[in-house]
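The values are calculated or read from the model by the stated rules, or taken from the named source; none is laboratory data. Note that the coordinates shown come from a computational prediction; the quantities given were computed from them, not determined experimentally. Note that we place each Cβ from the backbone using ideal geometry, even for glycine, and neighbour counts take in every protein chain shown. Just so you know, the surface numbers come from the protein's heavy atoms only, side chains and all, with ligands and any DNA or RNA stripped out. Shrake-Rupley method; radii C 1.70, N 1.55, O 1.52, S 1.80 Å.
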Amino acid sequence: MLTTPNTTHEVLNQVPPLENRNLFEDHPALQEALEREGGGWARERLRAAGAFWGGEPMRWGVEANEHPPVLHTHDRFGHRRDEVEFHPAWHALMQAGVEQELHALPWRTDQPGAHVARAATYVCSGQAEAGFGCPITMTFAAVPALRTQPDLAAEWVPRLTAATYDPELKPAAEKASALCGMAMTEKQGGSDVRANTTRALAGDDGWWELTGHKWFCSAPMCDLFLVLAQTDDGVTCFALPRVLPDGSRNAGFQLQRLKDKLGNRSNASSEVEFRGALARLVGEPGRGVPTIIEMVNHTRLDCVIGTAAGMRAAVAQATWHAAHRSTFGKRLAEQPLMVNVLADLAIESEAATAVALRLARAYDEAPGDPGADAFKRLATAVAKYHVCKRAPGHAFEALECLGGNGYVEASGMPRLYREAPLASIWEGSGNVMALDVLRALARSPEAFDAFFAEIDEAAGADPRLDAFAAATRAEFGDVEALEPRARRVVERMALCLQGSLLVRHAPPAVADAFCAARLEGDAGLHYGTLPPGADAAAIVARHTPATA
Ligand SMILES: Cc1cc2nc3c(=O)[nH]c(=O)nc-3n(C[C@H](O)[C@H](O)[C@H](O)COP(=O)(O)OP(=O)(O)OC[C@H]3O[C@@H](n4cnc5c(N)ncnc54)[C@H](O)[C@@H]3O)c2cc1C
């Protein structure tokens, strides 16, 4: 008798899942940067963090996106509620983030290199999920701004820096820990915050009443928000709590709706109306922008670090896939053209990682070192512009390495791709960042010297870098006509910085390919156009997750 097979086919040539890995130990560029930039003392901590974020949090990231936050404007009786409900996976990510001090490490220790150690941890956590990084980053970044107002700092900083997670809306006095968001952007404009229309009127008890709206206010379940509003003296910074000291809700803070976003879907971004919302002054009236700028700069630092995390996640998936998938009789990782693509993606990821941790070191050193402070001012804007802008194309090309599988949600690549443009838009979109570099140069000419002193650390090591840096300096000869050239100039500055770091510190294969493709111009418009002579196989081997 003939028997009919009860299966239609065997599953062949599919790639094993990339899971339960150590995101630190399988990332040599990150390990080396941690040591180099002053975070070596945190090595063991990072090993533990790498193993942690490469395990269960990977699933939490998926779940938190599959079950996005839900806004409840009112309760069933019609009373205002203004609460956002999150999936347990979101809370698990948040709890782990604060317990690992992602939101506060440099504020909790005097250990030199704390920014670097935090940045390396963030590169691990950001590979599990990017969305929860938003309230983590804003809480981290709010602390330097709040410190300009000692009474508020005394009340809030110990809570914002506590390593416990308490998502309940309660008055500060009843909370051991708290989270902080920011609300600057309004309907009529986010870049030009001096055009804000929200009004603040002083009461006689130290509280101000805010009336207006904010068009983007992410993580609206935070306990506190730094807000910009107009006073008679101009744009002023305020601290607005969700719950007032007497335990009542700050009823004038009313959530209108949540944004239906391209990506970043685990995180809630709201529109909010202020109808006499109560807030306290931070800094001097009329000095709102300089007061909040320290918060803004720290969020920009995290945009760079978070982008390095996303790029690493993309490269890990692409190289892993290529190591296990065969076409035309050979593994993809043995097909010369695919090796070129993977190597090109890998040098972009390594350059982003090197800059992110170098920048973090500048934040460690800046308080006691004017040169580091000047470098930090310029390098933050330069790196935010360039690194973040490279992310969407990078994510797409990594996705394509997986072929059709990469276009399918379960691969994780669509999530990376949708997230990729955000860091470039948020906290200073591309043009605004490029113009910010020009502003920094005009106001702090010493920043130019500090920046190029860092480039010159590699002087003489590679003629391509020397020539590129000299030509970049020459771009500043015609200062009058800089504005329309701002993107061009800032991109070149970023490439100088990346080139200088890689020439000094990366393996020769990585530095050589970077200089040839990005500085000498011996490459095409797309990834995978590294010139002949690049040791692409060595680069790919360095960036392929070791888990086999
Ligand atoms: C997911 C998400 C979350 C966010 N969360 C928050 C939040 O929590 N709090 C908050 O305050 N904001 C938040 N934002 C807002 C964000 O910071 C702003 O969208 C951003 O700063 C740009 O402002 P805008 O959207 O008003 O664009 P605009 O200011 O209108 O700019 C539009 C474009 O014009 C360019 N541009 C602006 N000025 C110039 C110029 N002088 N020359 C040349 N080009 C120029 C910009 O680069 C940009 O490309 C969030 C945004 C997103 C997408």
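Just a few scattered comments:
- Förster radius 25 Å - calculated FRET efficiency between Glu99 and Ile425 (Cβ-Cβ, nearest 0.05): 0.25
- Overall shape of the range 198-294 was characterised from the C-alpha gyration tensor. The equivalent ellipsoid obtained from it has semi-axes of 23, 16, 11 Å, in decreasing order.
- Asp522 exposes around 80 Å² of accessible area when a 1.4 Å probe is run over every protein chain in place.
- Stokes-Einstein, applied to the Kirkwood radius of the range 265-346 over Cα pairs at a viscosity of 0.890 mPa s and 25 °C, places its translational diffusion at 141 µm² s⁻¹.
- Based on the reciprocal of the average 1/r between different C-alpha atoms, the Kirkwood radius for the range 485-548 equals 12.8 Å.
- Whichever aspartates and glutamates have a C-alpha closer than 12 Å to that of Lys259, once near sequence neighbours (fewer than 8 apart) are set aside: Glu271
- Computed from backbone phi, the HN-Hα couplings of the range 118-132 come to 5, 4, 5, 5, 5, 4, 6, 5, x, 7, 6, 6, 8, x, 6 Hz, rounded to whole numbers (Karplus: 6.51 cos²θ - 1.76 cosθ + 1.60, θ = phi - 60°; Gly and Pro given as x).
- Inter-label distance for Lys187 and Ala410, nm, one decimal - labels placed 7 Å from Cα along Cα-to-Cβ: 4.4
- Take the Cβ atoms of Leu71 and Ala471, set R0 to 51 Å, and the FRET efficiency comes out at 0.50.
- For the peptides 437-446, 235-244, the ranking by packing is 235-244, 437-446, with the highest mean count of neighbouring Cβ atoms within 10 Å listed first.
- Percent of Cα pairs exceeding the 16 Å cut-off, where the set is the range 302-405: 59
- Members of Lys175/Lys214; Lys261/Lys389; Lys170/Lys384; Lys175/Lys384; Lys214/Lys389 lying beyond 29 Å, as alpha-carbon distances in this model show: Lys170/Lys384; Lys175/Lys384
- Of interest is the spacing of the C-alpha centroids, which for the range 476-541 and the range 204-257 amounts to 44 Å.
- Relative contact order of the chain, defined on C-alpha pairs under 8 angstrom at six or more residues apart (%): 14
- Cα-based Kirkwood hydrodynamic radius, the range 47-206, one decimal, Å: 17.7
- Segment Glu480..Val11, full-extension length gain: 162.5 nm, with 0.36 nm per residue of separation and the alpha-carbon distance subtracted.
- Residue-averaged [θ]222 nm for the chain, counting only DSSP H segments that reach four residues, each worth -39500 (n - 2.57): -16000 deg cm²/dmol
- Separation of alpha-carbon centers, the range 147-186 and the range 308-364, rounded to whole Å: 38
- Cα-based equivalent ellipsoid, the range 141-201: semi-axes from gyration tensor eigenvalues, Å: 27, 14, 11
- Per-peptide average of other Cβ atoms within 10 Å, ordering 259-265, 277-283, 7-13, 486-492 highest first: 277-283, 486-492, 259-265, 7-13
- Evaluated on the range 12-56, the Kirkwood hydrodynamic radius is 11.4 Å, with distances taken between all distinct Cα atoms.
- Projected onto its three principal axes, the C-alpha set of the range 149-270 covers 42, 37, 23 Å, listed from the longest axis down.
- Loop-located chymotrypsin sites (Phe, Trp or Tyr not before Pro) in the range 29-108 (DSSP state other than H, G, I, E, B) with a sparse environment of at most 11 neighbouring Cβ atoms within 10 Å: Phe77.
- For the range 511-518, backbone phi angles converted through the Karplus equation (6.51, -1.76, 1.60; θ = phi - 60°) give residue-by-residue couplings of 4, 5, 5, 4, 4, 5, 7, 9 Hz, Gly and Pro being listed as x.
- At q = 0.21, 0.22 Å⁻¹, base-10 log of I(q)/I(0) for the range 19-139 (Debye sum, equal scatterers on each alpha carbon): -1.12, -1.20
- Translational diffusion of the chain, estimated by Stokes-Einstein from the Kirkwood radius over alpha carbon pairs at 10 °C in a medium of 1.306 mPa s, is 66 µm² per second.
- Whole-Hz couplings from phi, Karplus 6.51/-1.76/1.60, listed for the range 348-356; x for Gly and Pro: 5, 5, 5, 5, 5, 5, 4, 5, 4
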